[in-house]
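Here is the structure we will look at.
The values are calculated or read from the model by the stated rules, or taken from the named source; none is laboratory data. Please read these numbers as outputs of a predicted model, since none were measured by experiment. Every residue, glycine among them, receives a Cβ derived from its backbone with ideal geometry; neighbour counts consider all protein chains shown.
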Amino acid sequence: MAVSDDEAFIDVDKVEKVFDVRRRAGFLRRELRRVRAVDSLSFRVARGEMVGYIGPNGAGKSTTIKMLTGILTPSGGRLRVAGIDPSRERTRLAHRIGVVFGQRTTLWWDLPLIDSYRLMHRMYRIPDARYRENLDRLVHLLDLGALLDVPVRQLSLGQRMRGDVVAALLHDPEVLYLDEPTIGLDVISKARVREFLREVNAERGTTVLLTTHDLQDIERLCSRVMVIDRGRLMYDGPLAGLHEVGESERTLVVDLERELPPIEAEPARVVRVEGPRQWLAFPAGESAAALVARIAARYPLVDLSVREPDIESVIARMLHAPGDAAGLPQDRSEGVGS
Ligand SMILES: Nc1ncnc2c1ncn2[C@@H]1O[C@H](COP(=O)(O)OP(=O)(O)OP(=O)(O)O)[C@@H](O)[C@H]1O
């Protein structure tokens with residue numbers, strides 16, 4: 001998407017990351033393999049944007065985020081966040097970014113939640129008044145008041161995740177990297193975290209880069225989505241466009257009054273029939289309401305529901321490579337000698 005030079009808050013220009021990995025290739029032999037995790041990757045994100053960053057397992061998403069936080073140094077290309085080169089000035093950048101890794105916690109496991117926040121207050125040298133104001137606001141928004149004195153190890157996954165989100169935002173970061181922030185959460189906790197992220201983005205103008213395997217996270221939060229595969233950017237645009245490129249399909253499940261032959265309702269097609277229930281696949285870009293109206297006019301409809309495609313199938317269709325279906329680990333290594 002077109003973000004100009006001046007607007008770019010995150011600026012990634014032909015960035016590469018190559019890992020050299022030694023693998024056992026016999027009794028004594030070790031073979032050196034070169035893994036190109038990120039391959040000439042370029043994109044820009046403007047301040048205040050909320051962007052989904054998705055791709056199959058092993059596509060290079062975490063490697064990108066690690067370079068953006070300064071944990072990893074690129075092998076080539078140029079990378080800036082808020083004008084800062086992350087790997088050179090990691091500490092300075094740390095005051096301006098927040099990170100939530102859904103699979104790991106940044107909180108101290110044995111301490112009550114509030115003690116982790118007090119430690120962050122000191123670590124980030126957050127002015128007292130600002131710390132108190134942020135803590136009150138965030139704890140209220142994420143409904144954590146009753147849990148502040150509970151050790152982190154005793155929190156449920158959803159409570160812990162909300163605790164992590166507060167920790168990432170206490171120092172008012174300008175950019176937030178979220179890696180699977182709703183993984184393993186129940187429907188209510190997911191909705192609460194999403195609602196909260198939308199508010200933070202709207203109120204504070206926080207720039208958000210969101211990695212997820214949950215298509216609904218993207219649908220609810222991001223107007224723009226970037227798809228990475230084998231370290232390369234394959235798509236950058238609205239989610240609807242991704243459905244079109246990938247020709248992804250939604251499913252309409254209809255319950256009829258009685259068993260009937262397969263419904264005829266172009267462009268939908270019946271993919272399964274079980275008694276009076278029929279499943280119809282139709283292009284994700286088509287209006288479900290118009291389709292339902294056409295079917296209701298001709299068939300005795302009792303009930304219906306619409307099922308969205310999952311993110312893996314959308315990406316897999318877009319990549320047009322059934323053998324490489326998203327979710328499968330990919331070997332991207334090149335032999336470089338022993
Ligand atoms: N420290 C490392 N050393 C060697 N290879 C690595 C290292 N980190 C990542 N890789 C390799 O780089 C590629 C990209 O990995 P990365 O973790 O960035 O993918 P990902 O898109 O985040 O995947 P996932 O969705 O599974 O988290 C993979 O082939 C991975 O095995």
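Within the stretch 217-237, is there a residue that is within 16 Å of the ligand (Cβ to nearest atom), closer than 23 Å to Gln159 by Cα, touching a residue at least 24 places away in the same chain (Cβ under 8 Å) and not basic (Lys, Arg)? Checking the stretch 217-237: at least one residue is within 16 Å of the ligand (Cβ to nearest atom), closer than 23 Å to Gln159 by Cα, touching a residue at least 24 places away in the same chain (Cβ under 8 Å) and not basic (Lys, Arg).
Quick one: which of Arg22, Arg33, Arg47 is without any contact (Cβ under 8 Å) to a residue 24 or more places away in the chain and either more than 8 Å from the ligand (Cβ to nearest atom) or more than 17 Å from Val225 (Cβ to Cβ) (or both)?
Only one candidate qualifies: Arg22.
Here is a check on your reading of the model: is Arg204 touching a residue at least 60 places away in the same chain (Cβ under 8 Å) and more than 16 Å from the ligand (Cβ to nearest atom)? So Arg204 fails the test. Please verify whether Thr73 is assigned to a helix (DSSP H, G or I) and closer than 22 Å to Asp179 by Cα, treating the condition exactly as stated. No: the conditions fail for Thr73. Scanning the stretch 62-71 for residues that are within 8 Å of the ligand (Cβ to nearest atom) and either within 16 Å of Ser40 (Cβ to Cβ) or at pLDDT 95 or above (or both) yields Thr63, Thr64. When Leu93 is tested against (1) within 16 Å of the ligand (Cβ to nearest atom); (2) surrounded by 16 or more Cβ atoms within 10 Å (Cβ to Cβ), only condition (1) is not met.
So that you can scan it fast, the table gives a plain yes or no per residue for (1) of a type in the set (Asp, Glu); (2) surrounded by 19 or more Cβ atoms within 10 Å (Cβ to Cβ); (3) in contact with a strand residue (DSSP E or B) (Cβ under 7 Å, 6 or more places away or on another chain):
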position: Asp214; (1), (2), (3): yes, yes, no
position: Leu221; (1), (2), (3): no, yes, yes
position: Val245; (1), (2), (3): no, no, yes
position: Glu266; (1), (2), (3): yes, no, no
position: Pro276; (1), (2), (3): no, no, yes
position: Leu280; (1), (2), (3): no, yes, yes
position: Pro283; (1), (2), (3): no, no, yes
